[in-house]
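Notes follow the structure.
The values are calculated or read from the model by the stated rules, or taken from the named source; none is laboratory data. Note that the coordinates shown come from a computational prediction; the quantities given were computed from them, not determined experimentally. Reconstructed Cβ throughout: ideal geometry from the backbone, glycine too, with neighbour counts over all protein chains shown. Calculation scope for accessible area: heavy atoms of the full protein, side chains included, ligands and nucleic acids excluded. Shrake-Rupley method; radii C 1.70, N 1.55, O 1.52, S 1.80 Å.
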Amino acid sequence: MERIRLNVNGQDYEVDVKPNWTLLKVLREVLGLRGTKCGCSSGDCGTCKVLVDGEAVKSCTILARRAQGKRIVTIEGLSQDGSLHPLQEAFIATGAVQCGFCTPGMIIAAKALLDKNPNPTREEIRAALDDNLCRCTGYVKIIQAVELAAARLRGEVKKIPVPQAGEDGQIVGRRLPLRDAVAKVTGRTVYVGDMRLPGMLYGRILFSPVAHGRIKRIDVSRAQSLPGVRAVVTYQDVPPVAYNSALRFKGHDIPRDEYILTDTVRYVGDRVAAVAADDPETAERALRLIEVEYEELPAVFDPEEALRPGAPEVHEGGNVVKKLEAAAGDVEKALDGADYVFTDRIKLPIVTHVALEPHASLAEFDATAGKLTVWSANQNIFATRIILSEIFGLPVNKVRVIKPPVGGGFGGKLEAVLEPVAALLSMKTGRPVLVEMNRREVMVSTRTRHSAVYYLRTGVKKDGTIVGQDITAYFNTGAYATSALNVTGAMIDKAFRLYRIPDLRVTAYSVYTNCPVGGAMRGYGSPQLVAAREIHLNKIARKLGLDPVEFRRRNLVRPGDINPRFGTSLGNCRVLDCLEKGAQRFNWEEKARQPKGEGRFRRGVGVAAGNHGNGTFGVHVDMTTVALKMNEDGTVTMFTGTQDLGQGGTSMMCMIVAQVLGLSPEQVEVVEADTELTPWDLGTYASRGVWVAGNAALKAARSIRRQLLEVAASVLGVKEEELELGGGFAYCRHCPDKKVPLGDIVAAAQLSKEGGREIKAYESFASVAGPNSYGVHLAEVEVDTETGRVKVLRYVAAHDVGRAINPMYVEGQIEGGIQMGLGYGLTEELIVDPASGKVLNAGLKGYRVFRAKDMPEIEVLLIEEGEPPGPFGAKSIGEASTVPVAPAVVNAVADALGVDFDELPVTPERILAKLRGRP
C-alpha cells in the first residue's frame, strides 16, 4: 500500500492505495462516492466518467496514484449550495433520465464539453457523448438536455422550467419528470452494486470454459485455504432441487432443468463453482485456484442441426423443448388457390440486452430467524421469492426479496440468475454476500434474445391481397429452457393480430443447443417474428410491383377486426392510422420515387409495421394489487409490487392517482417492490405497466375518492354528488368556497364518533382484455458501397398508444426502442464460435451498439384514439417501440442497393458480400 493525496470535489484526502487500484475503485470503495458507476471496467461505456482537470476521464482506465495533484470532480460535486447544475436541471426537464445508471457519466461528459464550448452544434454534442453508452433513451432527449443547458449557461434561457401539472388540475397527458429524477442526476440513487452491509462479503462465480462436459474432478482446497476466503461451493453443496429461473407464479407449468451449480456443464459460461471472500480481488484469486477436470461431450450450436437424427443431446430425452402450433382457416387450401406463393428462409441473431447496470444480487441469511433477505436488480420479485423458497425449503414468509433501483432491464433481469447463488453463499458463511457480474459475464452467462430461423410461405392475389400464410420458426433456446415456451407462445399470438390473413398457421420449435441461454428480451418474440415477416413481405411487394406502403395499406387490420384464431375483437387497433400519418410525415411518396444514386453512396427508404401485446390476458394470471392510504396532511402513500426499471412505471401510477384525487404527483409517495411490504404483482414484463398496474392504481384511487367524498359530505353537510376533489380539497361544484382540506377529511374519519376509520384502499386488478399496441416505422438510409457502412439519415415512428399518460416518457420509450432495434437490424450479434461454442465478442468493443453519433434524427408521432379498458384509454409502449425497427431499416438498405437480405444483422461484411455476389 502507498499513501497518496487526492483533491476530490474541492476537498483534500489522504488515502492508502495499492499500485494497481484505479481511480474508480478509490472513489467508490475508499471515499464512498458511488454516484460514479461501473458498467464495464474496460473503458467502453462511459458510466464511470469524472472530471480530471476539466477533462472527462473514464475513471476505470486511470490509476488512482496518477490522479495526484489534479482537480477531480464527480457527479456529487456538481451541485453547489443545494442547487442543481443547469445540466442536471435540463436532464430532468427534457426527460433525459430513465434508469439513471448512465446519467452521471453523461452529465460529466456534457459538463466538460460546455466548459470548453458553450455553444456546441448538435454534431459536436453527439461527438462529445459518443463514448458514453445509453440503452434507455436513444440519446434524443440527452442531446436536447445538453442544448437546453448550454442555452441556460449562455444566458439565453433565464431559468430551466421544471414541468408541472396544469393549472386546471390536469395531470394525465402532461410532460412530467420521473419521481426519482433528482436522485439520479445527482448520483444519490443507490443500485444493488452500491449497497454495503456490515460484514458484507463479495461473491464471484467460476464459469465453464467448455461447451458440454461432465465434471470428472473438482478440487477447491487451494481456494479454500487462501486468506480472506470464507466459502467455496460446487455442485456438491447445492440443494438437489431443479427449478426454472423464468418461473412467473406458484404452480407455473414450465420445464425445470436448472440447478444452482451443476456437474454437467452445457455451454461456455455455465456455472461451475462460486466463492465468497472479504474483497473482490481475493474472490477472483480464489476462482483461479479451483482445479476442474472435464470429460468433454459432443456439442451442437445450431437449432436445425440439433433436430437432426444423431445430434448430441443437450438434455436427456431430446433437444426439442416443445413444439407449439396455432392456426386459423385452411392454410394449404388458401395457398393452393393463391395467384402467387412466395417463400423465404430468414435467419436472426443472438443479441444481448446491454443494460448498463451489470447484474448484481445481495443476500443476507439470518440463521437465528431462519430468514433470507435478497436485494436484487430484478423484474419479478414475487416469482424470485417462490424460486428461492422451493430451492432452499424455506417457508415463503421467511424469504424477502427487495428491488432497489434498477439500471436497465429490458427482460434481462426478469429471471432468477444470481439470486440463488448469492443466497447459497450467504447461508454457507452466515454473512451478507454481494454477487456482481462483469460485462463479459453478463453478456454470456445471463440471458440473450433467442436467435431464430424462419421459414415463410405466403399466398397472395395479383392485387397484393394476402390470402394465406404459413410460418415455421426454430428458436435457439440455448442450454436451458427458461422462457422458451413463453417467448414462442407470445410470438405465435402476435402473428394473428397485424394483418388480415384469414388462413394462417404458425409453428414454433423451441430447441436446446449448447449456446448461451435464450430468455426474455424486449419484445419477447415479436422482434423475431416481425423482422422475418416484414422483410419477407417487402420482397413480395417489390416482386408484385407494389409500393410497400400501399401493399401494407391493403392488408393491415382495422379497428374492430376479428382475430381469426380466437374469433374475438382486436379492439381499437390503429395501425392503419400509424401507416397513413407516418407516411405523410415522412413524405414517403416523394422519397420512394427519388433516384437511389449510381456512385459510391446509395440511398433508400424502408417501412415496417409491428405489434406487441398488453399483458398476459388469456395466457395465464395477469393481476396486480395496489394499496393506497391517506395521510393526515392530505398526501397519499402508495404500496405497489410493481418494479420500476427506469421506464417510469411508478411515476405513471402516481400521475393516475393524483389525477383522480385532485393532487399533484409529488403528493403521492411510493413504497415499491418489497415482497414483505407491498402487495402482489405478476412482474414487470409483457408490457403490463400501464395496462395492468395503471388500472390497479386507478381502481384504488377511485376507491379512495369515494371514501373522501363520503366523509366530506358529512363534514360539509352536502350530498356526495355535489362534491369534487381538486387542489387538495373537497369542494362544492356550485360553491367552490365551500370546501374542506383532504387532511381534515382524514382526521374526521379517524376521529369519527361512529368508531373511526382509516381512509385506505387495497385493490386488485386483473386484465379483462389483451389488445395490442401498434407502430409503423419509416427509415431513410445511405449506404457506402465501398465499405458497406450504413448511415441512418432520418427516422419516423408512428405509434398507436391509446392515450399517452406522460407523452415525454412515451416518446423516450420509443426513442430508446429505436436505438435497440437499429442495432438488431444493422450491428448487434453475439458471435458463437461454431467449433468451441465460445462467444467471440463478449465485450462492448466487439459487440457494437448504436452510439450517439450513429443515431438518426427521430420524429415520434403518437396516435391517441383510446383503448378501453386501459386507464384513461392508455396502453403500453415499452416493447412495441422496438418491434418494427430492424425490418424498417433493413428494408431501406435493400431498397438502396436493390438486393435481398435473409440474415440479420445487415453488417458491412454482409452488404459487401451481397454486392460482390457471394452467398
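Across region 506-512, coupling constants 3J(HN,Hα) worked out from phi with the 6.51/-1.76/1.60 Karplus curve, θ = phi - 60°, read 10, 10, 9, 10, 8, 10, 6 Hz, and Gly and Pro carry x.
Applying a threshold of 24 Å to the alpha-carbon distances of 323/347; 322/494; 323/539 flags 323/539 as lying beyond it. Exposure check, 1.4 Å probe, all protein chains in place: residue 820 carries approximately 10 Å² of accessible surface. In this structure region 86-193 gives 36 Å² per residue of accessible area when probed at 1.4 Å with all protein chains present. Computed with a 1.4 Å probe over protein heavy atoms only, the accessible area of residue 721 comes to about 130 Å². Coordinate range of the alpha-carbon atoms in region 623-766 per principal axis, descending: 47, 31, 24 Å.
Phi angles of region 751-758 translate, via the Karplus equation with coefficients 6.51, -1.76, 1.60 and θ = phi - 60°, into HN-Hα couplings of 9, 4, 5, 6, x, x, 7, 9 Hz per residue; Gly and Pro are given as x.
Bridgeable lysines around residue 581 (alpha carbons under 21 Å apart, same-chain partners fewer than 8 residues away excluded): 591, 875. Relative to one another, the C-alpha centroids of region 294-368 and region 565-631 are positioned 25 Å apart.
Using C-alpha pairs under 8 Å with a sequence gap of at least 6, the mean separation divided by the residue count of region 351-498 gives a relative contact order of 25 percent.
A DSSP coil position with no more than 16 other Cβ atoms inside 10 Å describes the following trypsin sites (Lys or Arg not before Pro) in region 527-598: 596. Here the ratio of the Cα radius of gyration of region 866-919 to 2.2 N^0.38 Å is 1.76. When Rg and the Kirkwood radius Rh are both evaluated on Cα atoms of region 594-679, their ratio Rg/Rh stands at 1.33.
Shown for the chain: the carbon plus sulfur share of the solvent-accessible area, taken with all protein chains present and a 1.4 angstrom probe, equals 48%.
Here the contact order of region 515-637, divided by its residue count and restricted to Cα pairs under 8 Å and six or more residues apart, works out to 18 percent. The residues of region 226-284 expose, per residue, 35 Å² of accessible area to a 1.4 Å probe. The phi-based Karplus calculation (6.51 cos²θ - 1.76 cosθ + 1.60; θ = phi - 60°) puts the 3J(HN,Hα) values of region 154-168 at 7, x, 6, 10, 6, 8, 7, x, 8, x, 10, 5, x, 4, 7 Hz, whole numbers, x for Gly and Pro. Compared with the alpha-carbon gap, the fully stretched path from residue 369 to residue 236 is longer by 45.3 nm at 0.36 nm per residue.
The residues of region 299-380 present an accessible area of 43 Å² per residue when probed at 1.4 Å with all protein chains retained.
Short-range pairs are left out: with C-alpha atoms under 8 Å and at least six residues apart, the relative contact order of region 86-193 is 43 percent. With a cut-off of 10 Å between beta carbons, the residues surrounding residue 747 carry a summed charge of -3, where Lys and Arg count +1 and Asp and Glu -1. Ranked by the mean number of other Cβ atoms within 10 Å of their residues, highest first, the peptides 131-137, 110-116 come out as 131-137, 110-116. Please work out the Cα center distance from region 70-139 to region 704-741, rounded to the nearest Å. Distance between centres, Cα-based: 46 Å.
Partner aspartates and glutamates whose Cα lies under 20 Å from the Cα of residue 58, excluding those fewer than 8 positions away in the same chain, are identified as 29, 44, 76, 115, 124, 130, 131, 194, 357.
Residue order by solvent-accessible surface for 162, 272 is 162, 272, largest first, with ligands and nucleic acids left out and a 1.4 Å probe. From the coordinates of this entry, percent of Cα pairs over 49 Å apart is computed, and it appears in (1) 59; (2) 39; (3) 21 under the label (3). For a straight C-alpha distance cut-off of 18 angstrom, the aspartates and glutamates reachable from residue 629 (same-chain residues fewer than eight places away being disregarded) are 666, 669, 672, 674, 676, 710, 744, 758, 763. Computed over region 86-193, the P(r) curve from all C-alpha pair distances, binned at 10 Å from the origin, holds 15, 46, 30, 8, 0 percent per bin. Considering only DSSP beta bridges with both partners in the chain, what is the antiparallel share in %, to the nearest 5? Within the chain, antiparallel bridges account for around 80 percent of the total. Across all C-alpha atoms in region 751-866, the radius of gyration and Dmax reach 23.1, 85 Å.
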